[in-house]
Structures are given as structure tokens and as C-alpha cells.
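Here's the structure we're looking at; comments come further down.
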Amino acid sequence: MRITVREVMTARATAVKADTPFKNVAEILVTNGISAVPVLDEDDRVVGVVSEGDLMRKEEFREQYCGESYQRPLRARLRRRITGQGEEGVRKAAGHTAADLMTTPAVAVSASASTVRAARTMDENGVKQLVVIDADGRLEGIVSRRDLLRMYLRDDDEIKRRVVEGIPPHARWNDRDGIIVEVHDGIVTLSGCTDRRSEAAAAVHTAERLDGVVDVRRALGWREDDVLQLPFTWDRP
């Protein structure tokens, strides 16, 4: 039931070679309206990524080359000093090709990964998009935050269909008996009554795990509580 990266990614991603000049990289970003571009080696394997931020090092360290008095804010300077990124910034500011400017290794994900995994990878690495690669490290596409948000654009009928299909086959689906599924603005409401508590829990779990669901409201009852209740114990220190 999980949506994969392959379903939402941009397959025909723009890329540059390691020896692509600075000016050409900047032109590609501006012309295509993208914030970053993967860098490929001679075998078309992804070796890094050049972002707008990497190109902007020229401006950040402009005083070093042009004698201007610009100085980055104190907070930014302290952050770079603590993380040890100062020397990296100077290196990129002096770069002339994609290989000089890129961040390596590229933060990547496979096309078969779930969109949830992709979102977590972005968050963990503080990036806005991921390079999608195959088993050999070759470029398959790009997935961005905007791509991941598309799963929330599914209409309510589509979400309902996917919830119903994901419920265990022994659950009943009618308004008189069983589980009733309603979806409004991406919010799933599960109501009705099941034979066993475990069936109700499985239905809720299925809906909660479905990509594109904003929230799940529970209004389910059950006839038999078959969920094991462990006795409460308290071990004194």
C-alpha cells in the first residue's frame, strides 16, 4: 500500500558532467527552474550534487576575491566554524567546474523506497531533494519535497478505495454491519462494529499507514475483545 519514490519522482532529470563549467551549471539551474543538479562521472554514475547554495559560495566569500567588505552574519559564521564547513566553503568559492563545486557523496535513494523513507532521508540530511539511483549508482531521477506532497493531492474516493483494499479480507464492508469508511479532505473516519477488537485495530493500522491520509478518526466498536491484556506489574527499585 505504500507509495514508492518511482511513482512520484521526476524521471527525466537534468544532470551535468564533472567538468561542466561554473557558468554552465548556473545557467542550467536557472533555465530549468531547479535548485540542484546531480553530477555524473564518465560512466554516468552519480558522484555528487551541485546546488544553488554551492554556487552562492562565490558571493559569500566575495571579499576574498574582490576586496569587498561583505561579511556573513555572526550566527552563520559560528555555525560554519562549529561544523567545520569553513574550509569547504572556501574551496567551493574558488571552484570553476561541477567537480569543484559539488557536495559528495550525493544523498540518494532507490526508486523502490517508500515516500516516507525519502521524506525521512531529506529531513535527516537537511536537503530539499534526493537523487534517485539504481543498483549500479546510475541516475534514475530526482525526487523533491514538492513531489512528496503530491500524495496528499489524491481525491477522497481514491483514498477510500485504497483503505478498503488494504483492510483484511475477513472484514465486512456494508452500512449495516462491519466497518464503514468515510473520507473528507483526506481525513479517514472508520466507524461501525467488527466481530473482534483485533479486526478494528488492523483496520485503523491500515488506514494510518496509507500514504496521502491526513488523519484517521476512530469510531469503531467490537463484539469480542481478543487482544491480550497483559497484567500490570510494578517492580520496586
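Applying the selection to the stretch 153-194, what residues are part of a strand (DSSP E or B) and at pLDDT below 85?
Answer for the stretch 153-194, where residues must be part of a strand (DSSP E or B) and at pLDDT below 85: Trp173, Gly178.
Please list, ordered by first then second residue, the pairs with beta carbon atoms under 8 Å, 6 or more apart or interchain, first in the stretch 43-54 and in contact (Cβ under 8 Å) with a residue 12 or more places away in the chain, second polar (S, T, N, Q) and part of a loop (DSSP other than H, G, I, E, B).
Here the result reads Val47/Thr104; Gly48/Thr104; Val49/Thr104; Ser51/Ser35; Glu52/Ser35, each pair linking the stretch 43-54 to a residue that is polar (S, T, N, Q) and part of a loop (DSSP other than H, G, I, E, B).
Working only within the stretch 97-122, note down all residues that are under 21 Å from Ser35 (Cβ atoms), exposed (fewer than 14 other Cβ atoms within 10 Å of the Cβ) and either at pLDDT below 90 or among the polar types (S, T, N, Q) (or both).
Thr104, Arg120
Are there any pairs, at least 6 apart or on different chains, whose C-beta atoms fall under 8 Å, with the first in the stretch 143-155 and without any contact (Cβ under 8 Å) to a residue 40 or more places away in the chain and the second part of a strand (DSSP E or B) and surrounded by 19 or more Cβ atoms within 10 Å (Cβ to Cβ), and if so, which?
Qualifying pairs under 8 Å: Arg145/Gln129.
So, in the stretch 123-162, exactly how many residues are surrounded by 19 or more Cβ atoms within 10 Å (Cβ to Cβ) and among the hydroxyl-bearing types (Ser, Thr, Tyr)?
Adding up the residues that qualify gives 1.
Restricting the search to the stretch 123-135, which residues are within 15 Å of Val39 (Cα to Cα) and in contact with a Lys or Arg (Cβ under 9 Å, 6 or more places away or on another chain)?
Answer for the stretch 123-135, where residues must be within 15 Å of Val39 (Cα to Cα) and in contact with a Lys or Arg (Cβ under 9 Å, 6 or more places away or on another chain): Gln129, Val132, Ile133.
The values are calculated or read from the model by the stated rules, or taken from the named source; none is laboratory data. This is a predicted model, so every value here is computed, not measured. Glycine also receives a Cβ, built like all others from the backbone with ideal geometry; neighbour counts cover every protein chain displayed.
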